[in-house]
Amino acid sequence: IVDKGYRDAAVEQQLAERGVTMIRPAYRTEAQRPGRALLHALRQSIESVNQTLKGQLDLERHGGRTPAGVAVRVLQRILALTAVIWHNWHTGQPVLRSLTAYDH
C-alpha cells in the first residue's frame, strides 16, 4: 500500500512479477485501481493515529536532541498512551484514548 506519489510503472511491474499487487490511489486520468475501499479505511486510521501522535501526545515538540533521544521520547509517549488505553478499557471508561484523567 503506497501513496499517489509512488506511480512508477517499472516498480509496479517488478512487484507484479513477484506476485505483489501495489495498492495506491488512482490519478484522475486512470481507471479505478484495485483496493480502493481498503485505501479509504486505512487512510482514515492513519490520519487518526497521526493526529493523536501530533496533538494529544505532543510529538511535534518532543525535545529530543539526538536520534536516540527522539526515539526514546516518542516511544515513552506511545507506551504511556498504550497503558492508558489498556487501563481505560479494563476499567470501563467511555473514551479509551483519553489522557485527561492522567494529566497532572
### Query
What percent do you get for the relative contact order of the chain when only Cα pairs under 8 Å and 6+ apart count?
13
### Query
Mind checking which of L15, L79, L53 has the largest fluctuation in a GNM of the chain, springs on alpha carbons under 10 Å?
L15
## Note on the structure
To the nearest Å², the heavy-atom accessible area per residue of the chain with 1.4 Å probe amounts to 79
### Message
Around Y27, under 11 Å between beta carbons, what's the net of Lys plus Arg minus Asp minus Glu among the other residues?
### Response
+4
### Query
Just how large is the dipole of the chain about the Cα centre, in debye to the nearest 20, putting +1 at every Lys and Arg Cβ and -1 at every Asp and Glu Cβ?
100
### Summary
Taking Cα atoms only, Rg over Rh for the chain with Rh from the Kirkwood formula is 1.13
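The values are calculated or read from the model by the stated rules, or taken from the named source; none is laboratory data. Note that the structure is a prediction, hence the values are computed from the model and not measured. Cβ coordinates were reconstructed from backbone atoms using ideal geometry, including for glycine residues, and neighbour counts include every protein chain displayed. Protein only, heavy atoms only, side chains kept; ligands, DNA and RNA dropped before computing areas. Shrake-Rupley method; radii C 1.70, N 1.55, O 1.52, S 1.80 Å.
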